[in-house]
Amino acid sequence: MAVSLINPDGHVRVPVYHHVAVATGSRQIHIAGQVAWDENGDLVAPGDLAGQVAQVYRNVARALDAAGATFHDVVRFTWYAAGWKREMYDAFNAGIEQAAREFDLATPPAALIGVDVLFEPGILIEAEVTAIIDRNDQVTPATP
């Protein structure tokens, strides 16, 4: 496996991520900000943070698959949350739990950054993802 996830001794344990990812591989995958849009560009789960988090995971899963990767190849998730307040944490985690029922998730290092607003009104959460794979197969780019 190209990615090993660890928690250093003496660090607090966080259930949804590890503190360190050690990656070896020959191909990096950088996934641009994913939001809770469906394939038609319609917002999924308006006003529902948990539902939007789950949809972001669905979109990330599609992007990883297109690049020949899985969630176990991910070395970092960076989340951006519009109008973040600590009270939103349970809904955020509920979305992760929903995604974990749909996908075989890993727990790579993650950051959650509160912002005033995202791309357009109604988008509550966005994720950027970095992965690495150690495979020599070539990915055929999708056509527009």
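Before moving on, here are some points about what is shown:
So that you can scan it fast, the table gives a plain yes or no per residue for (1) on the phi < 0 side of the Ramachandran plot; (2) in contact with a Ser or Thr (Cβ under 9 Å, 6 or more places away or on another chain); (3) at pLDDT 95 or above:
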residue	(1), (2), (3)
A94	yes, no, yes
D104	yes, yes, yes
A111	yes, yes, yes
V115	yes, no, yes
V129	yes, yes, yes
D134	yes, yes, no
P141	yes, no, no
P144	yes, no, no
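- Matching entry among A81, A50, A45, A21 (being within 22 Å of D116 (Cβ to Cβ) and part of a strand (DSSP E or B)): A81
- Qualifying position, being in a strand (DSSP E or B) and either closer than 20 Å to P15 by Cα or hydrophobic (A, V, I, L, M, F, W, C) (or both), among A111, A100: A111
- Taking the criterion of being of a type outside the set (D, E, K, R) and crowded, with 18+ Cβ neighbours inside 10 Å, the residues of segment 25-36 that qualify are I29, I31, Q34, V35, A36.
For (1) under 27 Å from V22 (Cβ atoms); (2) among the acidic types (D, E); (3) touching a Cys at 6+ places or on another chain (Cβ under 6 Å), each residue gets a yes or a no:
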position	(1), (2), (3)
A66	yes, no, no
F71	yes, no, no
R76	yes, no, no
M88	no, no, no
A99	yes, no, no
D104	yes, yes, no
I113	yes, no, no
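- Every pair of residues 6+ apart whose Cβ atoms lie under 8 Å, when the first sits in segment 1-24 and is surrounded by fewer than 12 Cβ atoms within 10 Å (Cβ to Cβ) while the second is of a type in the set (S, T, Y) and assigned to a loop (DSSP other than H, G, I, E, B): P15/T107
- Test: residue in segment 63-72 that is assigned to a helix (DSSP H, G or I), farther than 19 Å from E120 by Cβ, out of contact with any helix residue (DSSP H, G or I) (no Cβ under 9 Å at 6 or more places or on another chain) and among the acidic types (D, E): yes
- Test set (1) closer than 22 Å to V3 by Cα; (2) free of Cβ contacts under 8 Å to residues at least 40 places away in the same chain - K85 fails condition number: (1)
The values are calculated or read from the model by the stated rules, or taken from the named source; none is laboratory data. Please read all numbers here as calculations on a predicted model, not as lab measurements. Here Cβ is always computed from backbone atoms with ideal geometry, including for glycine, and neighbour counts include all displayed protein chains.
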